[in-house]
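Okay, so here's the structure we're looking at.
Nothing in this text is a laboratory measurement; each read-out follows from the coordinates by a stated rule. Here the structure is a predicted model, which means the values were calculated and not measured. In this analysis, Cβ positions are derived from the backbone assuming ideal geometry, glycine residues included, and neighbour counts consider all displayed protein chains.
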Amino acid sequence: MADGANGQGALVSMGPNLSALAEITEAVQAGAGLPEILRAAGRALDASLILIDRSASILAVTARSPADERSLMRDADDVVTLELKVADAAVGQLRMRVRDHHPDPSMLSLVTTLIASEVERVRAPERASEEAATAFLRSVLRGDSTDSAELVARGKGLGIDLGNGASVIVVRAHPRSATEDDWRRRLLAVAGRGARSIASGAIAAPSEQDAGTVLMLVPDADGNTAARVSAAVLRELESGLGGFVLAIGRSRRAEDPKDLRRAGNEAMLSANVVEGEHVSELAFDATGTYQLLLPYMSDPAELKRFYNDTVRPLVAYDEQYETDLLGTLATFLDCDANVNATAARLITHRHTIRYRFERVRELTGLDVQSTDGREKLSLGLKAMRVLGIAAPRGPATEPGAEGGRVPR
C-alpha cells in the first residue's frame with residue numbers, strides 16, 4: 001500500500017480513468033517492465049513520476065521534459081512523495097507532480113499498490129542476492145573460514161573473483177548538519193555504484209556496528225584496481241552525497257582470500273586514522289607508524305588500556321569544559337614539539353600553549369617537554385584514532401586559553 005502524501009489541495013481531483021488503469025494491468029500481466037508500467041501510471045494519473053527503490057536507486061522515470069525530470073529528482077516543493085509498501089514493508093518511493101488535476105484517491109491507491117507489488121516482484125531476487133553478498137562479505141571479514149578454495153568458490157557464486165587477489169575498502173560519512181533519515185541507504189547505493197563502475201564484481205554492505213560505514217570487497221588482480229575504486233567512490237560521493245565529511249580507508253592487496261580478515265582490519269585502521277587528518281582518503285601503506293598497532297585491531301583491549309592511561313583524561317576534560325587540550329597536543333606533535341610553530345599554527349600566544357601543556361601534565365602525569373612523555377602521549381593519540389574515537393570539538397574556555405586565540 002502507499003501512504004505519506006503531502007498534498008496540493010488547490011487542484012481539483014480527477015475521476016478514475018479506467019482505460020488508463022487497464023493499460024497498467026496489461027503492462028503488469030505482460031511483464032513489460034517497470035519503465036513501461038510507470039509510463040502507463042503517468043497517463044492514468046496525469047502526472048510526472050519517478051520510481052525509487054528502498055536503496056535509493058532510480059528504477060524508472062516518466063516526465064514531460066528534462067527540466068521536469070530534474071525537478072522530480074530534486075524532490076521540489078510541488079512534488080508529492082508517496083511511500084510504497086507491501087505488507088507494511090517499505091519497498092520504495094514514488095515521487096509525483098500532478099499536471100492539471102489531482103488524481104482520484106481510489107485510483108491513486110490502486111495504482112501505487114500495483115506499482116509497489118511489481119517493484120517487490122522484480123527486485124526480490126536482486127535483494128536476495130544483495131543479502132547473500134552482505135552475509136558473505138561479513139563472514140569473510142570475520143575470518144569465519146580460512147579455506148581459500150571455499151572462499152573463491154563462494155565468491156564466484158556471487159559474481160566476485162577472489163582467486164587473483166582482493167582488497168577491502170571502508171567508507172564512512174558524517175553529516176555536517178541535520179539531514180534526511182535515508183542518507184545511510186544513499187551512502188550505500190552511491191558508494192556501491194562507484195565501486196562497480198571500476199570493478200564489476202565489487203560487493204558493498206553496511207557495517208554491522210555502524211550504518212554510516214560501508215564495507216567493500218574489491219577484486220584486485222593487478223594491485224591497482226582498489227586505488228581506482230577508492231578514487232571513483234570518492235568522486236561519486238562528493239557529487240551525489242553533498243554536505244558530508246567523508247573518510248575512506250583502503251587495505252593492501254590480499255593475494256590469498258584467507259588474508260582478507262587482515263585486509264579488513266587494515267582498511268578500518270586507515271579509515272579511523274584518516275578522520276584525524278586533513279584528507280578524505282588514505283591507504284594502509286600511507287599510515288606510517290600506525291601500522292605497528294594493526295595487531296591490536298582484532299582484540300583492542302590493550303589499545304583501550306593505553307588510551308585510558310594517556311589521553312583519555314584530556315578527552316574528558318575537553319568534553320566537560322569545551323577546551324582543546326587534545327587538539328593542541330596533536331598540533332604540537334605535528335610541529336615536531338616546537339612551541340612557537342604550534343602557537344603560530346593555532347594563532348595562539350605561546351604562553352597559552354604552555355598553560356595548556358601544564359594542564360596536560362596535571363591531568364595525565366606526562367610532561368610533553370620530556371621524550372618519554374611525548375612518546376606515550378603520541379602513542380595514546382594513535383591508539384585513540386585506531387580505535388575510531390572522535391575528538392571532542394568546542395572552543396577553549398578555561399582561564400588563560402581565550403578560546404584558543406589571542407585578542408587582537
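Expressed in nm to one decimal, what extension gain is obtained for the pair Ala341 and Asp144 from 0.36 nm per residue of sequence separation less their Cα-Cα distance?
Details: separation 197, 0.36 × 197 = 70.92 nm, distance 4.91 nm.
Full extension from Ala341 to Asp144 adds 66.0 nm.
Ignoring solvent entirely, what values of log10 I(q)/I(0) come out of the Debye formula for the stretch 143-292 at 0.15 Å⁻¹ when each Cα is a single scatterer?
Debye output, listed in q order: -0.71.
Any chance you could get the radius of gyration and Dmax over the Cα atoms of the stretch 2-126, in Å?
Gyration radius and largest Cα-Cα distance of the stretch 2-126: 13.3, 41 Å.
Determine, from the Cβ-Cβ distance of Ser129 and Ala22 and an R0 of 25 Å, the FRET efficiency 1/(1 + (r/R0)^6), rounded to the nearest 0.05.
After rounding to 0.05, the efficiency reads 0.15.
Separation between the Ala221 and Arg350 pseudo-spin-labels, each 7 Å from Cα along Cα→Cβ, expressed in nm?
6.0
From the phi angles alone, apply the Karplus equation (6.51, -1.76, 1.60; θ = phi - 60°) to the stretch 78-84 and give each ³J(HN,Hα) in whole Hz, x where the residue is Gly or Pro.
8, 9, 8, 10, 10, 7, 9
For the stretch 62-142, just the Cα set please: Rg and Dmax, both in angstrom.
Both quantities, over Cα of the stretch 62-142: 16.9, 56 Å.
So for the stretch 285-387, what percent of the C-alpha to C-alpha distances run longer than 18 Å?
Values: 2491 of 5253 pairs.
Of all Cα-Cα pairs in the stretch 285-387, 47 percent lie more than 18 Å apart.
How large is the translational diffusion coefficient of the chain in µm² per second when you combine the Kirkwood radius over alpha carbon pairs with Stokes-Einstein at 25 °C and 0.890 mPa s?
Answer from the Stokes-Einstein relation: 100 µm²/s.
So for the chain, if I pair up every lysine 8 or more residues apart or on another chain, how many of those pairs have alpha-carbons under 28 Å apart?
5
Report the Stokes-Einstein translational diffusion coefficient (µm² s⁻¹, integer) for the stretch 229-272, Rh taken as the Kirkwood radius over Cα pairs, at 37 °C with viscosity 0.692 mPa s.
Reported coefficient: 283 µm²/s.
Full-extension gain between Asp285 and Lys304, please, as 0.36 nm times their residue separation minus the C-alpha to C-alpha distance.
4.5 nm
Grab the beta carbon distance between Ser55 and Glu375, set R0 = 60 Å, and tell me the FRET efficiency rounded to 0.05.
0.80
Once all Cα-Cα distances of the stretch 210-349 are split into 10 Å bins that start at 0, what whole-number percent is in each one?
Taking all Cα pairs of the stretch 210-349, the binned fractions are 10, 31, 34, 21, 5, 0 percent.
Calculate, in nm to one decimal, what Arg121 and Thr179 gain on full extension: separation in residues at 0.36 nm each, minus their alpha carbon distance.
Using 0.36 nm per residue and subtracting the Cα-Cα distance, I get 17.8 nm.
Who wins for biggest fluctuation among Ala204, Ala87, Ala254 in a Gaussian network model of the chain, springs between alpha carbons below 10 Å?
In this elastic network of the chain, the residue with the biggest mean-square fluctuation among Ala204, Ala87, Ala254 is Ala87.
Output the 0 to 90 degree angle, nearest 10, between the alpha-carbon long axis of helix 325-334 and the longest principal axis computed from the alpha carbons of the chain.
Approximately 80 degrees, to the nearest ten.
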